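These notes are about the structure you will find just below.
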Amino acid sequence: MSSETYNFELIERGKKNAAIKAVNENINEKTKTIGIGSGSTIVYAVERLAKKITEENLDINCIPSSFQAKQLLSKYNLKIGDLETNTNIDITIDGADEVDQDLTCIKGGGGCHLQEKLLAFYAKKFVVIADYRKKSNKLGENWSLGIPIEVLPSAYTLVQDRIQKLYGGRTPLREFSGTGRGKAGPVITDNGNFILDWVFDKNEDYNWKLINQNIKLIPGVIETGLFIGIAKTAYFGNSDGTVSKIISE
């Protein structure tokens, strides 16, 4: 077995173990509405959720954060709701691109961070699930692709320029980079917007709360991929099969 294959298997096992533990510890007969995030780790959470609902005869509405999440819920025949009719969200479970020691998260690698933040913010509890690679002491330690910023298409160059003048770094427009079939050009979010990825200097110490506030005040910015003070618990699947659990203070 090659090291590349071995590492992939460790990563997937970490994702699965974190997802299973999070669902087992947070979902019960009192849970009525769940926000479902997007990405590769959430697949394992939905798989376990579907089994738990069947085994325990639970009645739960699931609110998807993206088209991908909705398709996943449909695959497992789970009840699908929406934010317009399900405003009382008991818990949201989602992955992350990076999580620091304060449970500040970078999300949006998959381009769904606006809907994900809605579900995370309005839930009574937001739980993060991830493999061991996503755990950091400070943001930028393990994630090098920047902080996603959803912007109006007509304003992306203006926002690019303003962020770079304020904080330095680079803010490239995210574009389709796959080798398979796909539309060339900018990545379009489920909301019809563009995404800038602010690649910041990882050696700097940032006040993320203040930076997030300032970026969101820039006209043309819709939402950032910084999740600050929202996550209550994070589960990290380790390479040895164990799961580390961190609870915010």
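The values are calculated or read from the model by the stated rules, or taken from the named source; none is laboratory data. Predicted, not measured: the structure shown is a model, and the values here were computed from it. Here the Cβ positions follow ideal geometry from the backbone for every residue, glycine too, while neighbour counts run over all protein chains shown. When the accessible area is computed, the model is the full protein with side chains, heavy atoms only, and any ligands, DNA or RNA have been set aside. Shrake-Rupley method; radii C 1.70, N 1.55, O 1.52, S 1.80 Å.
Just a few scattered comments:
- Against the conditions (1) open to solvent by less than 40 Å² (accessible area, probe 1.4 Å); (2) aliphatic (A, V, I, L, M); (3) in contact with a helix residue (DSSP H, G or I) (Cβ under 8 Å, 6 or more places away or on another chain); (4) in a helix (DSSP H, G or I), L119 satisfies every one except (3).
- Screening A96, A155 for residues that are of a type in the set (G, A, S) and over 18 Å from Q68 (Cα atoms) leaves exactly one candidate, A155.
- For segment 170-212, filtered to residues that are hydrophobic (A, V, I, L, M, F, W, C) and surrounded by fewer than 16 Cβ atoms within 10 Å (Cβ to Cβ), the residue that is modelled with the highest pLDDT is L210.
- Where F227 falls short, out of the listed (1) open to solvent by less than 20 Å² (accessible area, probe 1.4 Å); (2) farther than 18 Å from A96 by Cβ: (2)
- Residues of segment 1-55 that are aromatic (F, W, Y) and modelled with pLDDT under 95: Y6, F8.
- Long-range neighbours under 7 Å by Cβ, at least six apart or interchain, first residue more than 20 Å from D97 (Cβ to Cβ) within segment 11-30, second hydroxyl-bearing (S, T, Y) and in a helix (DSSP H, G or I): I20/Y44
- Segment 231-249, residues that are of a type outside the set (D, E), open to solvent by 20 Å² or more (accessible area, probe 1.4 Å) and in a loop (DSSP other than H, G, I, E, B): K232, N238, S239, G241, T242, S248
- Hits in segment 141-156 (condition: outside any helix (DSSP H, G or I) and without any contact (Cβ under 8 Å) to a residue 60 or more places away in the chain): N142, W143, S144, L145, G146
- Checking D102 against (1) surrounded by fewer than 22 Cβ atoms within 10 Å (Cβ to Cβ); (2) in contact (Cβ under 8 Å) with a residue 60 or more places away in the chain; (3) not in a loop (DSSP other than H, G, I, E, B), the condition it does not meet: (3)
- Filtered by the rule that a residue be open to solvent by 10 Å² or more (accessible area, probe 1.4 Å), in contact (Cβ under 8 Å) with a residue 60 or more places away in the chain, within 25 Å of I149 (Cβ to Cβ) and of a type outside the set (G, A, S), segment 49-99 gives F67, D97.
- Test: S136 is surrounded by 13 or more Cβ atoms within 10 Å (Cβ to Cβ), under 25 Å from G237 (Cα atoms) and out of contact with any Ser or Thr (no Cβ under 8 Å at 6 or more places or on another chain): yes
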